[in-house]
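Enquirer: Please see the structure below; I have some questions.
No value in this document is a laboratory result; all are computed from the given coordinates. In this text the structure is predicted, and so the values were computed from the model without any measurement. Reconstructed Cβ throughout: ideal geometry from the backbone, glycine too, with neighbour counts over all protein chains shown.
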Amino acid sequence: MKELSRSSFLKTSGLVIAGCAITPLSAKSVFFDNEFNSVSNDLFSLEEIKEFVFAAHSDFEKTKRIIEDKPLILNCTNQAQRGDFETAIGGAAHMGRKDIADLLLSKGAVMDIFSMTFFGHIEMVKQLIGLNPQLLNAPGPHGFTLLHHAKMGKHKEFESWLIEKGLVVDMFKDFFK
């Protein structure tokens, strides 16, 4: 494994911290410009979250309508089964729905290592794996792997890199049982 230099580590850490700090602020400006007082503090029901996350797997128009009606649902997480958590952008990514994933990003959705892989942020993903090697075999929603997300994003070179590192399955079956 390649050793990460101090300057590379600091640069990467700075980018990650900046991304985490900026995302909530940009999401706030998208959602609350002239709307802040009309947003309810009530929690979303499990059914609302499930409907949104499921829509993001395949239905662009429904996903768009739900975000327009309920902008704060954007980063809610559905638990499909015990321990199997999924966001809307996670569903769009593992289904290869770039149109839906792009819509979600434009509204301020937060990316994880799986959606970063799908979108082709390969150097960032490699750096994260370099910092935390166990991420190579981390299960995503429903057990889908980074290899699956690289395939959905059509990143052939990264697929080869993952296989070379030892990740040879698209899905960890029965992971959440």
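Enquirer: Would you please list the contacts, defined by Cβ atoms under 8 Å and residues six or more apart or on different chains, that run from a residue in segment 153-174 that is on the phi < 0 side of the Ramachandran plot and of a type in the set (Lys, Arg) to a residue that is in a helix (DSSP H, G or I) and surrounded by 10 or more Cβ atoms within 10 Å (Cβ to Cβ)?
Expert: Filtered contacts from segment 153-174: LYS165/ILE129; LYS165/LEU136; LYS173/GLY143.
Enquirer: Out of all the residues in segment 115-132, is one or more closer than 28 Å to ALA55 by Cβ and of a type in the set (Lys, Arg)?
Expert: Checking segment 115-132: not a single residue is closer than 28 Å to ALA55 by Cβ and of a type in the set (Lys, Arg).
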